[in-house]
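Visitor: Could you have a look at this structure, given as structure tokens, before my questions?
What follows draws every value from the coordinates through simple rules; no lab data is involved. What you see is a predicted model, and the numbers here were worked out from it, not measured in a lab. Here Cβ is always computed from backbone atoms with ideal geometry, including for glycine, and neighbour counts include all displayed protein chains.
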Amino acid sequence: MVGLLNLGSIVLGLIAWTLPLVNLMRYRKNWVILSIMSISACAISLCLQIFYNYHLVKIEDWAALLDITGAVVLASVVLVIVTLLLNIFTLVEYRRKNFYKG
């Protein structure tokens, strides 16, 4: 059951990246909702990793914590930066399209 935390984290991370891309490919007026969902998926993905680390602390699996901490930190930073950049790019494109439209 605990292994599902990692799987859920990966799936939510991919969703966090996919939603802004879908938003960019298909111009939608509800881009704000998809951006909020994307950032929420990113946050929940990070929470699942924190829960997994907490589980490892509870069972005192220090070797596993030492093995995965560096990778988790790197993956978390990449997830947050890419998610924010994609959502910022979506916002910029939306503003650009509306500026030239009006």
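Visitor: Can you tell me the length gained on complete extension of the stretch Ile44 to Val82, counting 0.36 nm per residue apart and subtracting the Cα distance? Spell out each step's value before the answer.
Guide: Details: separation 38, 0.36 × 38 = 13.68 nm, distance 1.54 nm.
Value of the extension gain: 12.1 nm.
Visitor: Starting from the Cα of Asp67, move 7 Å in the Cα-to-Cβ direction to define the label point; list residues of region 1-32 whose amide nitrogen is under 17 Å from there.
Guide: 1-7
Visitor: Stretched out fully, how many nm does the piece from Arg26 to Lys58 gain, at 0.36 nm a residue minus the Cα gap? Could you put the intermediate results ahead of the total?
Guide: Numbers: separation 32, 0.36 × 32 = 11.52 nm, distance 4.50 nm.
The Arg26-Lys58 span can extend by a further 7.0 nm.
Visitor: Report the normalised scattering of the chain as log10 I(q)/I(0) at q = 0.13, 0.16, 0.18 Å⁻¹, calculated by the Debye formula with identical scatterers on the alpha carbons.
Guide: Treating every Cα as an identical point scatterer, log10 I(q)/I(0) equals -0.53, -0.70, -0.81.
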